[in-house]
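Below is one structure, written out as structure tokens, with a few remarks after it.
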């Protein structure tokens, strides 16, 4: 169970990272072939590695959740953050005095098989969220208008995390 998100994500390394233009083409018929940012010739950050951040008040609880429950390898730990390897991307779980609860998804994973990933999360006692007014199946998976399938869960600090199958 340690590698639930890693195994089902299909994203093993940075070199295997998702083609976001291709992703957009799959989910929206109106994406241009050669997208640019506001007419710029070169992207400022498009070729740089993304670093994701999420906050925690309780680093020991967060470490247990992200490492032991979700199966993300812990890379380092200091007085500022826990650092995990999320399929080649750095996830910094930052220590804060108070977590400002966002009412939206703050971190998510692209998975190959959302049904299996949802079942694997439930096996390790991660509860998938249900939202009033959304047509979610028995596992808590919502079929979006674009065709993407999405489910949400919370970390110990109440941050909303998601899994998506495009």
Unique match (being outside any strand (DSSP E or B), out of contact with any helix residue (DSSP H, G or I) (no Cβ under 9 Å at 6 or more places or on another chain) and at pLDDT 55 or above) among 52, 62:
62
Quick one: is residue 93 modelled with pLDDT of 95 or more and either part of a loop (DSSP other than H, G, I, E, B) or in contact with a helix residue (DSSP H, G or I) (Cβ under 7 Å, 6 or more places away or on another chain) (or both)?
yes
For segment 68-81, how many residues are surrounded by 17 or more Cβ atoms within 10 Å (Cβ to Cβ) and either under 24 Å from residue 151 (Cβ atoms) or in contact (Cβ under 8 Å) with a residue 40 or more places away in the chain (or both)?
4
Restricting attention to segment 122-155, which residues are crowded, with 16+ Cβ neighbours inside 10 Å, assigned to a loop (DSSP other than H, G, I, E, B) and in contact (Cβ under 8 Å) with a residue 40 or more places away in the chain?
126, 148, 155
Count, please, the residues in segment 110-121 that happen to be assigned to a helix (DSSP H, G or I) and surrounded by 16 or more Cβ atoms within 10 Å (Cβ to Cβ).
5
Would you check if there is a residue in segment 100-109 being buried (at least 16 other Cβ atoms within 10 Å of the Cβ), touching a residue at least 40 places away in the same chain (Cβ under 8 Å) and touching a helix residue (DSSP H, G or I) at 6+ places or on another chain (Cβ under 8 Å)?
yes
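The values are calculated or read from the model by the stated rules, or taken from the named source; none is laboratory data. Everything quoted here is computed from the prediction, not taken from an experiment. A quick note on method: Cβ atoms are made from the backbone with ideal geometry, for glycine too, and the neighbour counts reach across all protein chains shown.
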